[in-house]
Amino acid sequence: MLQPHNQYVSFENEWRQALLVVRNLLNQRNVSKFEWQDLFVINNRITSWVDDGCKKLMNELEKEVNSHVTNAGKRIHNYNDDESLLHSYITEWTNYSVQVRHLPMPFSFVERTNNSHKFNGCNRPTARSQESPNLVRNTMLEIWNHVVFTKISDRLLNVAMNLVERERNGESIDTKLIVGIRESFVELNTDVENPLALYVAHFEQHYLESLERFYKSRTSEFLEKNGILAYMAFADEKLTEEENRAKKYLDFSKPESNEKLIEKCVKVLVIEYEDQLLAESPPLIRNYEIPRLKMLYRLIDKTPNGIQSMLNNLFEHIKIEGLNAMRQNAEIITSDSEKFVEQLLEMYTKFSGLIKDAFLNDARFLTIRDKAFQEVVNNTDVFKIEFQNKSMKGSVESRCPELLATYCDILLRKSNVSKKLSSEEIDEKLNNVLLVLKYVQNKDIFMRYHKTHLSRRLILEMSADQEKEENLVNRFREAGMPADYVNKLFRMLQDIEINKDLNSTFKKSVSGVNNNRNFTDSVTLKILNTGAWGRGKERAHVSLPRELEDFIPEVEEFYKKQHTGRKLNWTHNLSSGTIVFATKMGKYELEVTTYQMSVLFCWNERPNAKISYETLKLATELTETDLNRTLVTLVAFPKIKHQILLTDCAPVNPKNFTDSTLFWINQDFSVVKNDKAQVRGKMNLIGRLHLTAEQDEQEHDEIIQLRVFRIQEAIVKIMKMRKQIHTAQLQTELVEMLKHMFLPSRKLIKEQIEWLIEQKYLKRSDDDINTFIYIRH
Amino acid sequence: MNESSPSKSPPKSENKLFTLKKWNAVAMWAWDVECDTCAICRVHLMEACLRCQSDSKAEDCVVVWGECNHSFHNCCMSLWVKQNNRCPLCQQDWTVQRIGQ
């Protein structure tokens, strides 16, 4: 109990009291709360009042611990066979380590006094104790290490490893034994700098070696007996098993430890047989064996280089399967854009599913999918556009962008397909188009076709949903489609809105003045911005029916009042109308182009006449090309029972038309529905309008011309920035700059470089023929 | 070959073979200019000038005509006259004749 301060404090007396408690603690006997608290007080008294109290106290304690540990050592050595030795070591160690946690607490005064007073007399003569606040704890561990552990550590380790091996063989063992040994190695480390050094050098080292030894013979045996596929499962299972085992037995406080273990496992289980495993990858991919691929991926992903080989396998597979599927269905999909897009999507979904299920959407596999799918999409085996232009002669490109644009048109226009689909379904399909579009190299072609289709939808008012049109254009922008194309599409959509206002203003302005008011009501104007819609034909000339001809100046007059500085170019090739056709069978409404109208109105003055080609040409003032095309739609419109006009030209082909070829009205014309002639009816003869009037060749010329400009522009941009550049880098930067529009061919690039050199925008370097230098202007 | 004889009496207008019911007229407008390209920014006059393109104000980018009948983007010209009040093409003093609308 507390003693008054002034009384003399004798170390012997005090320690005698303390020793009892210390012994009880060491031997795991009951210590009461009072005794425990008393020990603190006694120690405090000794260190405070006794000369050299610290030193004396530590010496006595050390003596006591030493003899305790020596006894424990003796008890352990009573057992001769390895396993009992291990058992008893662990029992003693477990007990002792409890004391290592508790005993230092009452002695914390010693540590503190020692530190705050720098009282060397108290210190044990080791470097560690001077710095460490855990003086007592460390002393205890050191004694254990010295007296017990170092003498038998190798033996213990061997026994422990044998136990692990038995566990690997399926026996159940007492895991505490192995964990205890590991703890001993970790706790008894004496290196301050590297607290795990002892553990790493002995325990971990042995563990990894025994692991390797264990599997080395077994794996090849298993493989020989069960084959590579079974081995794959075996390796996968063992890998997981060893990882889990290591979690129990190894110290994973540092990540390197885990890495070392995995590295070792992978080496013995996977890398040894990597070639054989990888050889299985192509057939597994071909047969979509998801669980096995997943397993193989798990294994190979752990090796340093193996995954590349699997990536290559997947690339080949996507390419070959994709192209085969296209070739097999070539006949259907080349003519049916819907089937084509669906085919592409079906494959895309299949490949993506494989990557998701088997390769867990690993980014490397996704990249490979994109690369391979791009090859499929842009492949020119099945469909191609052949360029006849001189600078692109013989070069071919996939028709994919064209078919994609056609598919968009089917979805966006009032068509049989779009009517059957819900709004959500259409959105989903449009999403799919964008998805495929991402892989299309020549986006300029897609945009061109899309613009043509959009023009037709807007001019003929066939667009099913204006909002969807706008959304799609917005999506194009987000998808990084060429900005100037996107802007034009937007302006086209805006133009249509502007024209709605224009029409109502027009009707109001004319209603007071005009005597032909009824007719004004039946006219709709579309006055469009040339910059956005394209200049189109120089002049689409046609002689209009009288009432329309008279109408034109009226509109021009009106428009002049609305705007200044604008001139109008009537594009009758784009306009259309509804006419009523009265035959002896009934009255029919025909939707016709203005060209068709102009031709048909020739018969108004003489309904029964047979009119010659030459007369029609004079009367309509159409060019031969336009007249031919218009006449064909009137004498041989596809899929109708009765044609509007009849002719003496057989077979019907514009090539066979001569000036004297005769045309006359089919007086028996009627609209036929369900095999019955109708008295009233409607028919649309507009077809594709005169938008795609230009020949493909001309269309392609324009595409190429635009590309030429883009390349020139891009080269100048790059040169301005770089001043001087090597040809290889120029190529790379060009492709990067233009890839959202098209993939420039080497030949085209080369020609443009030559042209720019001729025009003195660049010159070749004197030192290196392959380096170009920008010439300032 | 001769054309067949025309019908004896031309049909009355309401009995015409073809009567017009609706017409959708389409025209393209463009600035009424002599030269398509703006000599200041080198962009086609039907497109917005570079400045407006990058500010996406393409709607407001109109054309201006001088008394000399030369035309430019209005934005380009209004910057130009701050430095030099002459037409960049003919060097006459610049007076605005009209502004497109």
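Assorted remarks:
The rows are residues; the columns are (1) surrounded by fewer than 17 Cβ atoms within 10 Å (Cβ to Cβ); (2) within 60 Å of the chain's Cα centre (by Cα); (3) assigned by TED's automatic domain parsing to the domain that holds residue A:41; (4) at pLDDT below 80.
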{"site": "A:114", "(1), (2), (3), (4)": "no, no, yes, yes"}
{"site": "A:122", "(1), (2), (3), (4)": "no, no, yes, yes"}
{"site": "A:129", "(1), (2), (3), (4)": "no, yes, yes, yes"}
{"site": "A:133", "(1), (2), (3), (4)": "yes, yes, yes, yes"}
{"site": "A:145", "(1), (2), (3), (4)": "no, yes, yes, no"}
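- A residue that is within 9 Å of another protein chain (Cβ to nearest Cβ) and modelled with pLDDT under 90 cannot be found anywhere in the range A:584-596.
- Those residues of the range A:617-633 which are in a helix (DSSP H, G or I) and surrounded by fewer than 21 Cβ atoms within 10 Å (Cβ to Cβ), in sequence order: A:617, A:618, A:619, A:624, A:625, A:628, A:629, A:632
- Apart from one condition, residue A:650 fits all of (1) assigned to a loop (DSSP other than H, G, I, E, B); (2) in contact (Cβ under 8 Å) with a residue 24 or more places away in the chain; the exception is (2).
- Residue count for the range A:50-61, restricted to those that are in a helix (DSSP H, G or I) and surrounded by fewer than 16 Cβ atoms within 10 Å (Cβ to Cβ): 1.
- Output for the range A:443-492, where each listed residue is over 16 Å from residue B:26 (Cβ atoms) and of a type in the set (A, V, I, L, M): A:445, A:447, A:464, A:472, A:473, A:479, A:481, A:483, A:486, A:489
- Of all residues in the range A:429-472, those satisfying the criterion of being among the β-branched types (Val, Ile, Thr) and away from chain B (no Cβ under 14 Å) are A:433, A:436, A:440, A:445, A:452.
- Counting only helices (runs of 4 or more DSSP H) that sit wholly inside the range A:274-341, those with at least 2 residues that are over 21 Å from residue A:363 (Cα atoms) and not assigned by TED's automatic domain parsing to the domain that holds residue A:238 are A:274-279, A:306-328, A:330-335.
- Residue satisfying condition, being within 24 Å of residue A:340 (Cα to Cα) and of a type in the set (Lys, Arg), within set A:500, A:438, A:488, A:508: A:438
- Within the range B:58-78, if we keep just the residues that are part of a loop (DSSP other than H, G, I, E, B) and within 12 Å of chain A (Cβ to nearest Cβ), the residue that is surrounded by the fewest Cβ atoms within 10 Å (Cβ to Cβ) turns out to be B:69.
- Residue tally, condition facing chain B (nearest Cβ under 7 Å) and either modelled with pLDDT of 95 or more or touching an Asp or Glu at 6+ places or on another chain (Cβ under 9 Å) (or both), over the range A:598-614: 5
- In the set A:655, A:682, only one residue is assigned to a strand (DSSP E or B), of a type outside the set (Ser, Thr, Tyr) and farther than 30 Å from residue A:444 by Cα; that residue is A:682.
- Looking across the range A:548-579, the residues that are at the interface with chain B (Cβ under 7 Å from one of its Cβ atoms) and either surrounded by fewer than 15 Cβ atoms within 10 Å (Cβ to Cβ) or in contact with a Gly (Cβ under 9 Å, 6 or more places away or on another chain) (or both) come down to A:548, A:563, A:564, A:565, A:566, A:569, A:571, A:574.
The values are calculated or read from the model by the stated rules, or taken from the named source; none is laboratory data. Note that this is a predicted model, so its numbers are computed, not measured. Methodologically, a virtual Cβ is constructed for each residue, glycine included, from the backbone with ideal geometry; neighbour enumeration extends over all protein chains shown.
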